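Here is the structure we will look at, set down as structure tokens.
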Amino acid sequence: MDKLRILIITNLYPPQVIGGYERAIADYARLLHHRGHTVLVLTSNTEEYTNTTYTNQEPKPVVYRGLHLCGEWTKQGTHWFSLEEVASRTFLNRQIVAQELQTFQPDVCLAGNIDFLGLELLEKMLADGIPIAHYVMNATPGYISELTPKSQLHQYITCSNWIRDSLKQHGYPVNTTQTIYPGAAVEEFYQTELPPRDRLRIAYASLVMPYKGADILIEALSLLDTGGMEFSATIAGGTLIPEFTLALQEFVESEGMQDKVKFPGALSRQELKQLYQTHNVLVFPSRFQEPFGISQVEAMAAGLTLVTSGTGGAGEIVQHSKDGLVFESENPLDLADVLCSLPVSPTEWERITRAGQQRAMSDLSQLHTIEQLESVLFKLVSIKI
């Protein structure tokens, strides 16, 4: 068997997205389809999370948006529907999965984010003898460790060693777990010429949310401005808390930095590439334990210097002063010091940047990821046979 019938189950799928998890699973679906596998994506139709700036590339796999989520994401966090509603939606989801197993007849399942979908769907497939590779890009797979499927046909894939260690600490079995870095479309973002380094041109490209640390960067920029450092900065990204972005903008104006700091909102993929062409540093100031952080790899491929808080799995992307720079999380003074160090040593700045670009292109490409993922799927199918 050289080609597989792959069922992908995930709660959201582009253009309905919240963050990088959905985009990564969509990229794998597209790449597996492009490599000749027959791919069916089974997901929900949750239009309130539609992000029109995200477009998936051709060729596209078949996507069926028939599943029903059992909860929603709010400003306060996750919210489950009533027990009666959850029971009703779970029953409908089991029927849909049973129907697709009968008509599509997959060889293997790649599970993504199953939050608000429930473990029952995976248990149904395992009961029917369908192997499952669950690609975990959150601290937990969406259920408590005691409910982990016991079948040898079930295997976790983690997006970083930090996630694998987190699973182990929470009691999940990780004996067969393999870490596969998500990788990025590095060829798409690669620039042969490094962006000009005449002064600090700082980019932020992530959700503009408190846990992502945009406020830490803004505070560091204020310190740069007070110290007379020449810079410009772009804070790109959408938000689920508009008042947080507004507060950042008001602070920028109060500090007199409105001509130096711009807030363009969420960017399309093409707009993101254009952003990287005019900036030379990406700051990734996340204050929470990141599973990975694909935007960092994209920027490195484009020739930007990565300056990161290195929290969680993000700490596995670069080594400080080798191919990127790491600052103390939630410390704007340390971030400002790291940023200031770049213009004073142009030769060292270029060396770190080129090493980062090489790291992205050689070790963190989607091609490398998909080859590893394909190997896991074939291995699971061979166990079934």
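Laboratory data are not the source of any read-out in this text; all were calculated from the coordinates shown. For clarity, every value in this text was computed on a predicted model and none was experimentally measured. Cβ: placed from backbone, ideal geometry, glycine included. Neighbour counts: every protein chain shown.
Past the 27 angstrom mark, what percentage of all C-alpha to C-alpha distances in segment 186-363 do you count? Provide the component values of the computation, followed by the final result.
Values: 2545 of 15753 pairs.
The share of Cα pairs beyond 27 Å in segment 186-363 comes to 16 percent.
A straight chain from Gln358 to Gln270 at 0.36 nm per residue would run longer than the Cα-Cα distance by 29.5 nm. Distance between the pseudo-spin-label points of Phe378 and Met1 (7 Å out from Cα toward the beta carbon): 1.3 nm.
Note down the magnitude of the dipole of the chain about its Cα centre, charges +1 on Lys and Arg C-beta and -1 on Asp and Glu C-beta and zero elsewhere, to the nearest 20 debye. Intermediate values should be presented prior to the final figure.
Working: 29 positive and 44 negative charges, 237 e Å.
Charge dipole, the chain, about its Cα centre: 1140 debye, nearest 20.
For segment 83-179, taking the reciprocal of the average inverse distance between every pair of different Cα atoms yields a Kirkwood hydrodynamic radius of 14.0 Å.
For segment 7-84, which trypsin sites (Lys or Arg not before Pro) are in a loop by DSSP, counting at most 15 other Cβ atoms within 10 Å?
Numbers: sites: Arg23, Arg30, Arg35, Arg65, Lys75; in loops: Arg35, Lys75.
Sparse-neighbourhood loop trypsin sites (Lys or Arg not before Pro): Arg35, Lys75.
Under the simplified labelling scheme, the Asn161-Glu243 pair shows an inter-label distance of 4.2 nm, with each label point 7 Å from Cα along Cα→Cβ. Each residue, Leu223 and Ala98, gets one label point 7 Å from its Cα in the Cβ direction; the gap between the two is 6.0 nm. Less than 18 Å apart at the alpha-carbon level, and either on another chain or at least 8 residues along: which aspartates and glutamates does that give for Lys212? Output for Lys212: Glu22, Glu243, Glu290, Glu298, Glu316, Glu328, Glu330, Asp334. Within a straight-line Cα-Cα reach of under 21 Å, Lys3 can be paired with the following lysines, leaving aside sequence neighbours fewer than 8 residues apart in one chain: Lys60, Lys379, Lys384.
What share of the DSSP beta bridges in the chain is antiparallel, in percent to the nearest 5?
If I count the DSSP bridges inside the chain, around 10 percent turn out antiparallel.
A dipole drawn for the chain from +1 and -1 charges on Cβ atoms has a positive end, and of Phe284, Ala214, Gln152 the residue lying farthest that way is Gln152. As a rough footprinting exposure proxy, the listed residues Met300, Met1 were ranked by other beta carbons within 10 Å of their own, and the order from fewest upward is Met1, Met300. What residues from segment 303-345 fall in the zone where the backbone N is under 20 Å from a label point 7 Å along the Cα-to-C-beta line of Arg351? Within reach of a label on Arg351, which here means backbone N under 20 Å from a point 7 Å along Cα→Cβ, segment 303-345 contributes 303-308, 318-327, 338-345.
Between Glu187 and Ser145, take the C-beta separation as r, use R0 = 30 Å, and let me know the FRET efficiency to the nearest 0.05. It would help to have the intermediate numbers written out before the result.
Numbers: r = 38 Å, r/R0 = 1.28.
Step by step, r from the Cβ atoms, then E = 0.20.
Amide H contacts for Thr179 (H built 1.01 Å from N in the peptide plane; partners 5 or more residues away or on another chain; cut-off under 5 Å): Thr158.
Reducing segment 104-181 and segment 226-258 to their Cα centroids gives an inter-centroid distance of 39 Å. Across segment 219-241, the residues whose backbone nitrogen lies under 18 Å from the label position 7 Å along the beta-carbon direction of Arg199 are 220-235. The Kirkwood radius of the chain, taken over pairs of alpha-carbon atoms, gives through the Stokes-Einstein law at 10 °C and 1.306 mPa s a diffusion coefficient of 73 µm² s⁻¹. Dipole magnitude for segment 186-363: computed about the Cα centre from +1 point charges on Lys and Arg Cβ and -1 point charges on Asp and Glu Cβ, it is near 400 debye.
Close amide H partners of Gly324, meaning residues 5 or more places away or on another chain with modelled amide H under 5 Å apart, are Gln319. Here segment 20-133 is treated as a sphere whose radius is the Kirkwood value from Cα pairs; by Stokes-Einstein at 20 °C and 1.002 mPa s it diffuses with a coefficient of 140 µm²/s. Bridging of Lys260 to aspartates and glutamates at a Cα separation below 16 Å is possible for Asp198, Asp215, Glu219, Asp225, Glu230, Glu250, once same-chain residues fewer than 8 apart are set aside. Which of the three applies to segment 241-324, rounded, prolate or oblate, going by the alpha-carbon gyration tensor with a ≥ b ≥ c and a/c under 1.5 meaning rounded? Verdict is prolate for segment 241-324.
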